[in-house]
Structure formats: C-alpha cells, structure tokens
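No value in this document is a laboratory result; all are computed from the given coordinates. All of these numbers come straight from a predicted model, not from anything done at the bench. All Cβ positions, even for glycine, are placed from backbone atoms using ideal geometry, and neighbour counts span all protein chains on display.
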Ligand SMILES: CC(C)(COP(=O)(O)OP(=O)(O)OC[C@H]1O[C@@H](n2cnc3c(N)ncnc32)[C@H](O)[C@@H]1O)[C@@H](O)C(=O)NCCC(=O)NCCS
Ligand SMILES: Nc1ncnc2c1ncn2[C@@H]1O[C@H](COP(=O)(O)OP(=O)(O)OP(=O)(O)O)[C@@H](O)[C@H]1O
C-alpha cells in the first residue's frame, strides 16, 4: 500500500531542499512547480490561454513564457494571479493525478506530492499525510531575496500571496523546522519517516 505524502510550506521555506532528500532516499517526488512549468510550454492549451489573456508581452523572443515578466504581473495583482491559477491549476492537477496513479500502481512504499499551494488550492484530499516545511518570516524573506535577488517588496508580495506559514503548521501531520541547518532538517525528516515506518 503506497503512502501518499503531501509536502508543502511557503515560498522559499525549503520544500525543494526537503524533496531532494526524499529523492536521495529513492522515494518518488511529484513536483507541482515542475508540472506547472511543463503545463505552460508552447503548444500546451494553458500556454495558448495565457497568451490570449495576458498578451504576447509576457513571451520571450523564442516564444516561451517570460516567467519573470508574468510573475511581476500576477504577484502585484490578485485578480490576475487568480486568473493565471484558473488557467494553470487544472492542468497541474491532471498531470499530478496521472503520476500519482503510476506511483501507486507500481506499489512504491511512498510517494511525495510537493505542492506549494496544497492548502490554498484545497488539494489535501490527494494526500494521506502532510509535512509542512516551516521557517520564520525573517528567514523566509532573507532566503527568498538571497535566492532570487528580489527586492524586499517583491519578496513580500510573493510571501503574502500565500496562506501564512504559521497557519499551515497547524494543519500539518508533521512539521520540519527548517530555520536551522540542512542537516538538522534531514534529521527531522528521518525521524518522521521512521515514525511512519517508511
Ligand atoms: C508566476 C510564475 C510564472 C513565476 O515563475 P517562477 O519561475 O518565477 O517561479 P516558480 O514557478 O518556480 O514558483 C516559485 C514559487 O512561487 C510560488 N508561487 C508560484 N505560483 C504561485 C501562485 N499562483 N500563488 C502563490 N504562490 C505561487 C510557489 O511557492 C512556488 O514554489 C509561475 O510561478 C506560475 O506559473 N505560477 C502559476 C502556477 C502555480 O500556481 N504554481 C505554483 C504551485 S502549483
Ligand atoms: N536549512 C537551510 N539553511 C540555509 N539555506 C537553506 C536551507 N534550506 C533551504 N535553503 C535555501 O533557501 C532557498 C529556498 O529553499 P528552497 O528552494 O528549497 O525553497 P522552496 O520552498 O522549494 O521554494 P519555492 O517555494 O520557491 O519552490 C534556497 O536558496 C535554498 O538553498
């Protein structure tokens, strides 16, 4: 019986860092961010709808989506962000459901669905156990700015576009406190997997 684990957190809280640990352990990770990138490749239906709605100004020279330009638009305007979500999320849900089914069919012990908006998109029904990767607000802001080179304002608009991490940890089965070192987070993950006999 495959245990379906939902991995979530906030932007730059460390979800990808923790999902890489699962991969190192040989546990399949289905990454919503990757599926969302694939879903908006030129030729995909979501790509056509995005260009139709947001205009060719959000395209690179080669016709692919200029992610930075689109991000600047939608994180500064909730209505536009919700419109983009309405275009992309159904395609992401469909792609993840197929991969989830494949993992269950191959009798894997566990599969991880790495979904940044697990709670916001009301996808908790897809998973059996939920791990939230937590950091405090200052650490989140510092790491997001450090990784992406955003201004403080750009980073804050992105953080504020999601449910606060302090509310997410209440909904979690387990929390990984990622304020410390990556090694300390790995130790917390191993304790959780031990508890779940994975
Ligand atoms: C706006 C886009 C083009 C920006 O691309 P970019 O490469 O800069 O960021 P990336 O996709 O790697 O996302 C980075 C992080 O931003 C956050 N984020 C992304 N989209 C959203 C959103 N619609 N609402 C809230 N947070 C979001 C998540 O924490 C995500 O992990 C892209 O994020 C996108 O297409 N978003 C809509 C689809 C979506 O909601 N994806 C996130 C989960 S499925
Ligand atoms: N424990 C840690 N100590 C120091 N830096 C960390 C730690 N965990 C993650 N980081 C760094 O913080 C940044 C954000 O981490 P990561 O990309 O894993 O977050 P994320 O939740 O996947 O982000 P996103 O929501 O954008 O997908 C990265 O630059 C990563 O290298």
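Principal axis lengths of the chain from Cα atoms, whole Å, largest first?
In descending order, the Cα extents are 50, 41, 27 Å.
Which residues among the stretch 171-191 fall inside the zone where the amide N is under 13 Å from a point 7 Å beyond the Cα of residue 25, along Cα→Cβ?
174-176, 185-191
Between residue 62 and residue 166, what is 0.36 nm times their sequence separation minus the Cα-Cα distance? Round to one decimal in nm. Don't skip to the end; give the middle numbers.
Values: separation 104, 0.36 × 104 = 37.44 nm, distance 4.08 nm.
Here the segment from residue 62 to residue 166 would lengthen by 33.4 nm.
Applying a 10 Å radius around every beta-carbon, put 180-193, 23-36 in order of their mean neighbour count, most first. Working shown, then result.
On the way: 180-193: 14.5, 23-36: 17.1.
Result, highest mean Cβ count within 10 Å first: 23-36, 180-193.
Can you compute the radius of gyration and Dmax for the stretch 1-89, using only the Cα atoms, both in Å?
Every Cα atom of the stretch 1-89 included, Rg and Dmax give 15.5, 48 Å.
What relative contact order, as a whole-number percentage, does the stretch 56-198 give when Cα pairs under 8 Å and 6 or more residues apart are counted?
22
Could you put 137, 174 in order, starting from the residue whose Cβ has the fewest other Cβ atoms within 10 Å? Walk me through the numbers before you get to the answer.
Details: 137 13, 174 17.
Taking fewest neighbouring Cβ atoms as first place, the list is 137, 174.
Please work out the C-alpha center-to-center distance from the stretch 63-117 to the stretch 149-189 and express it in whole Å.
19
By counting other Cβ atoms within 10 Å of each Cβ, how are 167, 142 ranked from fewest to most?
On the way: 167 11, 142 15.
Exposure proxy ranking, most exposed first: 167, 142.
Please give the residues of the stretch 14-58, grouped as numeric ranges, whose backbone N is less than 17 Å from a label point set 7 Å along the Cα-to-Cβ vector of residue 69.
Zone members listed by number: 40-43, 47-58.
In which sequence would 132, 104 go, from the one with the fewest C-beta neighbours within 10 Å to the one with the most? Could you put the intermediate results ahead of the total?
On the way: 132 26, 104 13.
Going from least to most buried by this count: 104, 132.
Can you tell me the relative contact order of the stretch 34-89? Whole percent, Cα pairs under 8 Å, sequence separation 6 or more. Write out the running numbers ahead of the final one.
Values: 39 pairs, mean separation 18.5, N = 56.
Here the relative contact order equals 33 percent.
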